[in-house]
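**Q** Below: one structure in structure tokens.
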């Protein structure tokens, strides 16, 4: 039996959460849907389509499919302009390198899309040897379990043998729906109490602490 780790990307391995907040805020304002930044942060990690529709409902507006797609496109454009260079979160590069060195099964499953995620993967040193499942590979994104199930299938393991590592409650909810254990990281701005309430098996400060704690999860 091979245990596997499936990582979220934004806020888990790469420091992009607040750039996403600002990008969504600007894209929504341009669509005449101004909204407070903190309300956006609480939804980072959701599918972009679900996110846009949820915000629209909050401000009392209906969005067409075309409007939803345009807001998502504009968000991606603004995001790439705000953060052309990406900074890995503490310990992320070292953790992924260690997993590759030790042959520990792992992959990345993100609600982000290409080309938005390409610079993040490059900053992390992730190459073609790593399984990466992005939004375009599945019908539904988080909190649906599709991303994690697609990643698990590509890794050749069973859901029961997977740990999902994420920073947002949406990651943990999707993991529960996929019947996988989850690990919460504080690096995306959610509190430990929120992550535990959403079903996290363990909560660590960041990837660096997770790296030091792999034995707690059964990785020898």
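**Q** Can you give the extra length, in nm with one decimal, that the chain gains between residue 101 and residue 2 once fully stretched, where that is 0.36 nm per residue apart less the Cα-Cα distance?
**A** Result: 34.1 nm gained on full extension.
**Q** Of the beta bridges DSSP finds with both residues in the range 1-136, what % are antiparallel, to the nearest 5?
**A** 10
**Q** Now, a different point. Starting with the fewest neighbours, write out 65, 161 ranked by other beta-carbon atoms found within 10 Å of each beta-carbon.
**A** Ordered by Cβ neighbours within 10 Å, fewest first: 65, 161.
**Q** Round to the nearest 0.05 the FRET efficiency obtained for residue 30 and residue 140 when R0 = 35 Å and r is the Cβ-Cβ distance.
**A** It comes to 0.85.
**Q** Taking the Cα centroid of the range 1-35 and of the range 80-127, what is the distance between the two, rounded to the nearest whole Å?
**A** 14
**Q** By how many nm would the segment from residue 219 to residue 22 lengthen if fully extended, with 0.36 nm per residue of separation less the alpha-carbon distance?
**A** 67.2 nm
**Q** Given the Cα-Cα distance of residue 42 and residue 179 and 0.36 nm per residue of separation, how much length would full extension add, in nm?
**A** This chain segment gains 47.0 nm when fully extended.
**Q** Could you line up 150, 142 from fewest to most neighbouring Cβ atoms inside 10 Å?
**A** Neighbour counts put them in this order, fewest first: 150, 142.
**Q** Say each of residue 122 and residue 73 gets a label point 7 Å from the Cα, pointing the same way as Cα to Cβ; how far apart are those two points in nm?
**A** Each label point is offset 7 Å from its Cα along the Cβ direction, giving 2.4 nm.
**Q** Starting from the Cα of residue 58, step 7 Å along the direction of its Cβ; do the same at residue 158; then give the gap between the two resulting points in nm.
**A** 4.0
No lab work stands behind these numbers, since they all come straight from the coordinates. Only a predicted model underlies this, so the values are computations on that prediction, with no experimental measurement involved. For neighbour counting, all protein chains shown are included, and Cβ atoms are generated from backbone atoms with ideal geometry for every residue, glycine included.
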